[in-house]
Amino acid sequence: MNRKGQMFLIAAFIIAASIVSLRLLIRMPTIQEEINLLEINLEHDMTNNWIQEIENSAKFSINEKTSITTNVFDFANFTERKAYEHSLEFKFLFVGSLANHSSNILNVSMINMLNKPINASLNNGTVIRVSEIVDNGKWDTNFSFTSGNPSPTITLTVGYNSTYSENVTIKTKNNKDVYVGFFDITFETSTAVYRNKTQETYDIH
Amino acid sequence: MGLGWRLKNKRWKMKGISFTFEAAIASILLLSVIIFFFKPLQSSQASEVNHKVAAYNGLKILDETGGLRENALENNATAIKNDLSAYISYLSYDVAIFNKTSNLTAIPSISSNDVISVSYFLAGDIGNYSAKEVRVFLWGFD
């Protein structure tokens, strides 16, 4: 009996079985990869939301210049608690400096939320101030500066534990106070690190 | 033309029909398998993440286009819920607003056991610092 015709069916069964086997092998990783990608994107969006709002906590407080640093600290604590609820570790270093144009005093606050105590230093080029800041602590200090025309630009070098150094540039103004916020924000998960370092300047009216 | 030739011709025709029929069955079988196994995959976990992304993107758009901050500052969860309907009307959802320590609006009472949530954080608005969390609860994905 000639069975050439059945060869089509036999071949089709073999190919179909191969496709089914192959698909079953790659099925779960594909779904899992898709879920992971969506979750990573969502996590990235959420960290961007927090980073933006931490910066906004300073921006939205400029009407009360004495509360800017306090509000940033407050929002950072809020963020830390909420990030923990989302299995994210939050680390934050903040330096806020208010250049008072009438007293020529630069009031500087440094917030440590790096989950460890730090030996902090602030250097304006002529004076170095140091202090230990406990975890979740704030250090307030000040520097004097000489007004002039043009108004001076102060470079404040921020450091801790002799391993970290960042320059914060403060362009003072003769006719108004200036607030400069330096934000170093990190979110960590078991698989990713999101970090953002930025410096924002606000004129105080 | 003898009887033998006619019988031979008929047998060939039958064979041809049989080949065509079997080839057609084989093609249908292969096509069915390919279509079934290569259609886009879905799982309940993937769709839950998709719903969270949709809700989060809705909140983000509301923030970018205005309204979300104002409503959050006024603790107006109902207005946020109404505004979100443009993005996730196909889902069962509700909105609650929290500050640093507690809820400022009622936490929805949901009978479903399958509830997920997504949050959006706000530091207030210009000239009005206020830490807020807008949380969207989503359920009923069956």
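At a glance:
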{"quantity": "Where B:E22 falls short, out of the listed (1) within 11 Å of chain A (Cβ to nearest Cβ); (2) of a type in the set (D, E, K, R); (3) more than 19 Å from A:Q52 (Cβ to Cβ); (4) out of contact with any helix residue (DSSP H, G or I) (no Cβ under 7 Å at 6 or more places or on another chain)", "calculated": "(4)"}
{"quantity": "First in region A:39-59 and under 15 Å from B:L59 (Cα atoms), second anywhere and polar (S, T, N, Q) and buried (at least 16 other Cβ atoms within 10 Å of the Cβ), Cβ under 6 Å, 6 or more apart", "calculated": "A:W50/A:T79"}
{"quantity": "Some residue of region B:41-58 being surrounded by 14 or more Cβ atoms within 10 Å (Cβ to Cβ), within 30 Å of A:I14 (Cα to Cα) and among the aromatic types (F, W, Y)", "calculated": "no"}
{"quantity": "Region A:38-63, subset at the interface with chain B (Cβ under 7 Å from one of its Cβ atoms) and not in a helix (DSSP H, G or I), residue surrounded by the most Cβ atoms within 10 Å (Cβ to Cβ)", "calculated": "A:S61"}
{"quantity": "Single condition A:A99 does not satisfy, out of (1) farther than 19 Å from A:T201 by Cα; (2) assigned to a strand (DSSP E or B); (3) touching a residue at least 60 places away in the same chain (Cβ under 8 Å)", "calculated": "(1)"}
{"quantity": "Scope region B:108-137; condition more than 11 Å from chain A (Cβ to nearest Cβ) and surrounded by 14 or more Cβ atoms within 10 Å (Cβ to Cβ); matching residues", "calculated": "B:P108, B:I110, B:V115, B:I116, B:V136, B:F137"}
{"quantity": "Boolean, A:T66 is part of a loop (DSSP other than H, G, I, E, B) and more than 12 Å from chain B (Cβ to nearest Cβ)", "calculated": "no"}
{"quantity": "Members of region A:145-198 that are surrounded by 12 or more Cβ atoms within 10 Å (Cβ to Cβ) and small (G, A, S)", "calculated": "A:S147, A:S151, A:G159, A:G181, A:A192"}
{"quantity": "Residues satisfying the stated conditions in region A:146-172, i.e. small (G, A, S) and either closer than 16 Å to A:K197 by Cβ or out of contact with any strand residue (DSSP E or B) (no Cβ under 9 Å at 6 or more places or on another chain) (or both)", "calculated": "A:S147, A:G148, A:G159, A:S165"}
{"quantity": "A:A83, sole failed condition from (1) over 16 Å from A:Y194 (Cα atoms); (2) more than 9 Å from chain B (Cβ to nearest Cβ); (3) hydrophobic (A, V, I, L, M, F, W, C)", "calculated": "(1)"}
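Bear in mind that the values in this text are calculations on the coordinates, not laboratory data. Predicted model only: the values in this text are computed from it and were never measured. All Cβ positions, glycine included, derive from the backbone under ideal geometry; neighbour counts span all protein chains shown.
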